[in-house]
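Engineer: Pasting a structure below so you can have a look.
The values are calculated or read from the model by the stated rules, or taken from the named source; none is laboratory data. Nothing here was measured: the structure is a model prediction, and the numbers come from that model. Note: ideal-geometry Cβ built from the backbone for every residue, glycine included; neighbour counts use all protein chains shown. We work out accessible area using only protein heavy atoms, side chains counted, and drop any ligands, DNA or RNA first. Shrake-Rupley method; radii C 1.70, N 1.55, O 1.52, S 1.80 Å.
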Amino acid sequence: MPRIAYVNGRYVRHADARVHVEDRGYQFADGVYEVCEVAGGAIIDMTRHLDRLDRSLRELAMAWPMHRGAFEFVLGEVVRRNRVHDGLVYLQVTRGVASRDFLFPADAKPSMVVTAKKVAPSLGAARAEAGIKVLTVPETRWERVDIKTVGLLPNVLAKQKAKEAGAQEAWFVDPDGTVKEGGSSNAWIVTADGALVTRPAEFGILRGITRTTLFEVAAKLGLRIEERGFTVAEARAAREAFISSATTIAMPVVEIDGAPIANGHPGSVTMSLRQAFHDLAERKAL
Ligand code: PLP
């Protein structure tokens, strides 16, 4: 069965999926995206992801490519047509195709692409059991990282650098030593007295949907959250550290810059958050 992608009104073979060379996503990274987890045949937290898409579009003065109801239908249809039971669905909206000019085009229609991919749940489970390693890197991104744009070159470079150092994620760090977030995830620590610490999302980081849902999971588990900045030094001395994103849920961090966190094994608080996540997250059945 061939993989299917949705591209500007058509369901096409993934191998044949194309956008125009003058698409502004390609020319200027003038576009936004979302990634939702698909678990047990349902799209997870779709409402929150589409609310954030709406915010990203508004911040860039970009229009929805279609009504939200139709958009939701296309997401489901791409997941269905690819028979994705567990995995992810990726969606991207750009300002459209126009003769190359920095100014907003007067009449371009937004471009829309949706793809879906199977990912075996055992992969995430195995990764969580081992935990991941993080490399810290200086913050090099623009200030509007609260908008989920496809302009991800600093993230690409940081994650590549992490990989070359034997790590699976990079944490961007401010000049004062405060951890911002991961290349594609939010950053958390657990203090000695069991409180969860994560940076406020008002500015400087992306307000992760998984992060938001984990606040509810933490409340249900009776865990206290301190929404404040933390330094690399505090993270290295923490009881636990972890990252969150739609594709990793809560994923234990066992090493930062080559130094183990606590005993170097995944922490129990992180694992309990991970286990409870899908009990609380919204499930949009297909
Ligand atoms: N921060 C960045 C920079 C990201 O790219 C992502 C996800 O891709 C996140 C945080 C986590 O967001 P979410 O939980 O919505 O996947």
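Engineer: Looking at (1) open to solvent by 50 Å² or more (accessible area, probe 1.4 Å); (2) farther than 24 Å from Ala130 by Cα, which is the one condition that is false for Val150?
Structural biologist: For Val150, the failing item is (1).
Engineer: Still on this structure, I have one more. Output the qualifying pairs, or none if there are none: Cβ atoms under 6 angstrom, residues six or more apart or on different chains, first residue in region 152-170 and over 16 Å from Ala259 (Cβ atoms), second residue at pLDDT 95 or above and part of a loop (DSSP other than H, G, I, E, B).
Structural biologist: Listed by first residue and then by second, the contacts come to Pro154/Thr140; Pro154/Arg141; Asn155/Gly183; Ala158/Gly183; Lys159/Gly183.
Engineer: Quick one: in region 161-184, of everything that is among the acidic types (Asp, Glu) and within 15 Å of the ligand (Cβ to nearest atom), which residue is most open to solvent (accessible area, probe 1.4 Å)?
Structural biologist: Pass one, region 161-184, residues among the acidic types (Asp, Glu): 164, 169, 174, 176, 181.
Pick out the ones that are also within 15 Å of the ligand (Cβ to nearest atom) and you get 169, 174, 181.
Values: Glu169: 3, Asp174: 39, Glu181: 9 Å².
Residue satisfying both the conditions and the ranking: Asp174.
Engineer: Also, I was wondering about something else. For the list (1) farther than 26 Å from Arg81 by Cα; (2) buried (at least 20 other Cβ atoms within 10 Å of the Cβ), I need the number of the one condition that Phe104 fails.
Structural biologist: (2)
Engineer: How many of the residues making up region 196-211 are open to solvent by 10 Å² or more (accessible area, probe 1.4 Å) and touching a helix residue (DSSP H, G or I) at 6+ places or on another chain (Cβ under 6 Å)?
Structural biologist: 1
Engineer: Right, another one. Restricting attention to helices (runs of 4 or more DSSP H) lying wholly within region 1-89, give those where 3 or more residues are within 16 Å of the ligand (Cβ to nearest atom) and under 19 Å from Thr149 (Cα atoms).
Structural biologist: Details: elements: 24-28, 46-59, 68-81.
Result: 46-59.
Engineer: While we're on this one: Filter region 147-160 down to the residues that are part of a loop (DSSP other than H, G, I, E, B) and more than 10 Å from the ligand (Cβ to nearest atom), then identify the one that is nearest to Arg199 (Cα to Cα). Give the steps one after another, and end with the answer.
Structural biologist: First pass over region 147-160, keeping only residues part of a loop (DSSP other than H, G, I, E, B): 147-148, 150-152.
Now drop any that are not more than 10 Å from the ligand (Cβ to nearest atom), which leaves 147, 150-151.
Details: Ile147: 16, Val150: 23, Gly151: 22 Å.
Selected residue: Ile147.
Engineer: Select from region 185-213 the residues that are within 13 Å of the ligand (Cβ to nearest atom) and touching a strand residue (DSSP E or B) at 6+ places or on another chain (Cβ under 6 Å) and list them in ascending order.
Structural biologist: Scanning region 185-213 gives Ser185, Asn186, Ala187, Trp188, Thr198, Gly204, Ile205, Gly208, Thr210, Arg211.
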